Amino acid sequence: MRAAVLRDWRAPLDLTTLADPEPPAGGVVLRVLACGVCRSDWHAWTGADSDVALPHVPGHEYCGEVVAVGAGVTRWRVGDRVIAPFILACGSCPDCAAGNQTICADQVVPGFTTPGAFAEMIAVHHADSNLTALPEEMAPEVAAALGCRVTTAWHALTGRAQLRGGEWLAVIGGGGIGVSAMLLGKALGARVVVVDVAPDKLEFARGLGADAVVDASQGDAAEAIRDLTGGGADVAVEALGIEATTVTALSCLRKLGRMVQVGMPAGDHATMAIPMDRVYSGQLAVFGTRGMPSWRYPSLLSLLSAANLDLSPLVTRTIGLSQATEELAAFDRPAPPGVAVITDFLN
Ligand SMILES: [Zn+2]
Ligand SMILES: [Zn+2]
């Protein structure tokens, strides 16, 4: 199969031919229909993610069609089209049994701990516990985002911060996950303000329904949010994993506000100086989050359907595998609005 291989940190991905994967016991092999290029792939590409060993095939935000089924799989057969969460939990440990698949100690994470989906095919472990049928009406390039960005945003808002209709949600960072959180927040009945430093991303967020936008390059974004929300946001989502934006996310909250750290703090941002006096005096809650337990797919798909929420505007670029390097490098600076999704694995 054709695949893109990372052989050195920050090097252009090597487009090459690898042996087709075999289905693991309890797993399947998918022909990849679409795979998004996500900020976490950029962390892997730069060497900031300690889970990644070279050589490596990136790509964790994918959907595909089952082409081979391993021993013991009962729910899936060849020809099924499926969505996979980026965390493939074991499905049988005490944490999985309790519904907390995102903290499963035996999780497999393609694109980080095993070969990912920047390839024509991918081996997917623990298929029965993790996969969800791809809704017929959903295009693969849209469904791919249900492997990472949209699901992570959904769990941050509803599984962690318990966002309620009528509340103010501040989204710090207008990239793929930020815009996903904005769209879901709106569908849940919240009012949403999006913060970024790139005017084109603010324009993009406003075009997709943000109630307000704040350009953080023009002054104190937290103060601007406190002003326009009449005292502060109820919930803030930090979607970049950098110190300045985490400080903004905490500082923009009203008392008893909830902040969710969605962006992965890596490299120079692994340790941050944050205003704990605000956490204390504002009696704030701070949540970390990573991914979404697969049992929550039905609630997400139900909301998308009930709210008639079209996620397709999120995908601004469908690309070939050979363009993946360019998209990874784009995360070095404010990337263009929307997300890039690989749909052509032969070019
Ligand atoms: Zn991701
Ligand atoms: Zn488990």
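The values are calculated or read from the model by the stated rules, or taken from the named source; none is laboratory data. Bear in mind that the values here come from a model prediction, so they are computed numbers and not experimental data. FYI the Cβ positions are ideal-geometry reconstructions off the backbone, even for glycines, and counts take in every protein chain you see. For the accessible areas, the whole protein counts, side chains as well, though only heavy atoms, and no ligand, DNA or RNA atoms are used. Shrake-Rupley method; radii C 1.70, N 1.55, O 1.52, S 1.80 Å.
Within the range 166-181, the residues that satisfy the criterion of being of a type outside the set (A, V, I, L, M) and either buried (at least 24 other Cβ atoms within 10 Å of the Cβ) or assigned to a helix (DSSP H, G or I) (or both) are Trp168, Gly173, Gly174, Gly175, Gly176, Gly178, Ser180. The one condition from (1) of a type in the set (A, V, I, L, M); (2) within 16 Å of ligand 2 (Cβ to nearest atom); (3) without any contact (Cβ under 8 Å) to a residue 60 or more places away in the chain; (4) in contact with a Leu (Cβ under 8 Å, 6 or more places away or on another chain) that Leu6 does not meet is (2). Scanning the range 201-223 for residues that are in contact with a Pro (Cβ under 7 Å, 6 or more places away or on another chain) and among the basic types (Lys, Arg) returns a single hit, Lys201.
Restricting attention to the range 182-203, the residues that are of a type outside the set (A, V, I, L, M) and surrounded by fewer than 24 Cβ atoms within 10 Å (Cβ to Cβ) total 6. Without any contact (Cβ under 8 Å) to a residue 40 or more places away in the chain and not hydrophobic (A, V, I, L, M, F, W, C) - does that describe any residue in the range 21-31? The answer is no; no qualifying residue exists.
Does Thr289 satisfy the criteria of being without any contact (Cβ under 8 Å) to a residue 24 or more places away in the chain and of a type in the set (Val, Ile, Thr)?
Against the criterion (without any contact (Cβ under 8 Å) to a residue 24 or more places away in the chain and of a type in the set (Val, Ile, Thr)), Thr289 does not qualify.
Every condition in (1) open to solvent by less than 40 Å² (accessible area, probe 1.4 Å); (2) closer than 26 Å to Leu134 by Cβ; (3) out of contact with any Lys or Arg (no Cβ under 8 Å at 6 or more places or on another chain) is met by Asp20 except one, and the failing one is (1). Residue check: Trp42 meets all listed conditions (1) outside any strand (DSSP E or B); (2) open to solvent by less than 30 Å² (accessible area, probe 1.4 Å) but one, namely (2).
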